[in-house]
Structures are given as structure tokens and as C-alpha cells.
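Encoded as C-alpha cells, the structure appears first; notes follow it.
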Amino acid sequence: MNARLDPETISLSAARLWLPVEELRPGMILARPVSGRIGQRLTLWLPVGTLITENTIAQLINKGIECVAVIDDDPPTEEQYVKLLEAAQARLRTIFGDEARMDNACRELFDQLCEVEPCR
């Protein structure tokens, strides 16, 4: 059984960091629930606040979970966040290409990916 913090004590505004399971380390705390399924059968349920252990990491790998959200103990400063956001938006522009040539489906996806701040 995994140790767990009370989800009530985890602020909804707590910074989250999405990590591949291979980068998880014992002591990290889940910021979002994780579930694993085989068909309709629930085979793994880890609620918000679960303390990551070596066993937890092994379970996630075994169930084929690739990425989870953990509480970020060292979130970026506002200035760092703006730079990260600008870099991500520049990368999206590179991937999607010329905005004027996007069809409606690409434009919709592009806009959703840029939802935090307009990419234009």
C-alpha cells in the first residue's frame, strides 16, 4: 500500500510537473490521480497525494503508464515561465508551419495548444 497525503492539503493551485515515469524519484507526490485499466477492468488507482516509492514506480511501469503529474517543488519564476511559454509557442509555429496556410482542423488544434496565451 502506498503512503498518501490528504488531497485537501494539496492546493489546487500547486504547481504541477508532468514527468515520464522513468524520471520519477521516490518522495515525489502525485498531483493528479492515476488509473490503469485492462479493457473495462480497473487494475491500478493512485489518488492525488500518493507518495511515490520504488514500488509505485514499478507498478506504473508494469501497467504501461507513461507520464504522470507530480507536485513541482521548484516551479519556474514568472520570468522563466514566460520564456518557457515563448519557446513552446515558437516550437508549435515550427511544427504547424505557416498560419495562413492552415486548414480549419489544424487551426483549431493550433489554437487549443496555444490556449494559455495566443501564439500570434
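Details
- ³J(HN,Hα), Karplus 6.51/-1.76/1.60, whole Hz, each residue of the stretch 70-79, x for Gly, Pro: 10, 5, 8, 6, 9, x, x, 5, 4, 5
- Summing charges over neighbours of P75, with a neighbour being any other residue whose Cβ is under 14 Å away from its Cβ, gives -3 when K and R count +1 and D and E count -1.
- Distant-in-sequence amide H partners of V68 (H built 1.01 Å from N, under 5 Å): L19, V21
- Long-range HN-HN contacts of V34 with modeled amide H, under 5 Å: L46
- Estimated FRET transfer efficiency (D103, E66; beta-carbon r; R0 35 Å; 0.05): 0.75
- Backbone HN-Hα couplings from phi across the stretch 44-50 [Karplus 6.51/-1.76/1.60, Hz, Gly and Pro as x]: 7, 9, 10, x, 3, x, 5
- I52 long-range amide H proximity, modeled H, under 5 Å: G27, M28, I29, L30
Laboratory data are not the source of any read-out in this text; all were calculated from the coordinates shown. Only a predicted model underlies this, so the values are computations on that prediction, with no experimental measurement involved. Backbone-built Cβ (ideal geometry, glycine too); neighbour counts: all protein chains shown.
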